[in-house]
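Inspection log for the structure reproduced underneath, given as structure tokens.
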Amino acid sequence: MNKEKEGSLLLGLVALLAVVIVVALVGVFALQPEETLIQGESEATEYRVSGKVPGRIEMFLYEEGDQVHKGDTLVIIYSPEVEAKKEQALAARDMAEAVNQKAKNGAQREQITGAYELYQKAKAGEEIYRKSYERVQRLYDKGVVSAQKRDEVEAQYKAATATVRAARSQYDMALSGARVEDKAAAEAQVARVDAILKEVAAAEAERYLLSPCDGEVSELFPKVGELVGQGSPVMAIVDLNDVWFTFSVREDMLSRFAVGSAIEVRIPALGETCYPLTVTHIKAMGTYATWRSTKQNGGYDVRTFDVKCRPLAQIPNLRPGMTALVVEN
């Protein structure tokens, strides 16, 4: 009987010892610090395509996802203001040429008649712009139109008034005959109108928005027919040949991310392959990204840094926004 009790006691001690060993092993593994996973994402250079001329979207020549090349025409903008300025400039060019020719050849009856007709034409144009300005001014007073639109119409009205004065001056010159100074002034007027025509041609060219680089259309902002202002973004082009990665790293883990050092990352979207990167830039993030210490003694606040890395070689099928995981050495 004593032997049976001794055997049972020994068996219990062995079982207890086994339990203690298992609990100790579980505690050891449980207390080991977890491996910190550093996660980032890929980014690429993006260009916002915008125009200098306000107007309405007439046509998109490319859609989202299309590949484009530098210099390709992407968007056509319809701008009635540019068309109107072009017509005004062409009319002014005809008038300036007529005046210049008259100054060279002397005033003929036909030239006097032509100058008078141009003067009458300018007056008619001024009357139209005056009515347009008064109508827009009333709408502006009611808050219907913007100050910019009112200013544009006012500028057109003033330009028309100036055109009337110039036409009247040329008509008076035709009546009195041209002097040497008048001939020089006529030639200068032609040169001035030529400069205006160049300016109008430059504005007309701005109706066609060109691609600044080889890339992919990532986003279209307005729709066809919508009004866009000067400098408003119309389309976004992403340059897939200029891709990098950004990681948010605590400063107590920053030692392995020195500028110029090499790291490896795994991109889950592209499989288990590891890709080498080079650290190119490090900068501190704002105070919102600071890890605050919870210890009263021996703890300190840890800043977070933005780490920028570039791949050593082009990574096939890499897209902006893909997750990248730093591989532990």
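The values are calculated or read from the model by the stated rules, or taken from the named source; none is laboratory data. Worth saying up front: this structure is predicted, and the values here are computed from it rather than measured. Positions of Cβ are backbone-derived with ideal geometry, glycine not excepted, and every protein chain shown enters the neighbour counts. Each accessible area value is taken on the protein alone, full model and side chains, heavy atoms only, with ligands, DNA and RNA left out. Shrake-Rupley method; radii C 1.70, N 1.55, O 1.52, S 1.80 Å.
Checked against the criterion of being polar (S, T, N, Q), surrounded by 14 or more Cβ atoms within 10 Å (Cβ to Cβ) and modelled with pLDDT of 85 or more, segment 236-247 contains one or more residues that satisfy it. Cβ separations smaller than 6 Å between residues 6+ apart or across chains give the following pairs from segment 67-86 residues that are open to solvent by less than 10 Å² (accessible area, probe 1.4 Å) to residues that are hydroxyl-bearing (Ser, Thr, Tyr) and modelled with pLDDT of 75 or more: VAL68/TYR62; VAL68/SER211; LEU74/TYR62; LEU74/SER211.
Considering the conditions (1) under 21 Å from the mean Cα position of the chain (by Cα); (2) surrounded by 15 or more Cβ atoms within 10 Å (Cβ to Cβ), VAL200 is excluded by exactly one of them, (1). In segment 138-178, the qualifying residues are those that are farther than 29 Å from GLU97 by Cβ and part of a loop (DSSP other than H, G, I, E, B), and the one that is least open to solvent (accessible area, probe 1.4 Å) is VAL145.
Of all residues in segment 47-67, those satisfying the criterion of being in a loop (DSSP other than H, G, I, E, B) and among the acidic types (Asp, Glu) are GLU63, GLU64, ASP66.
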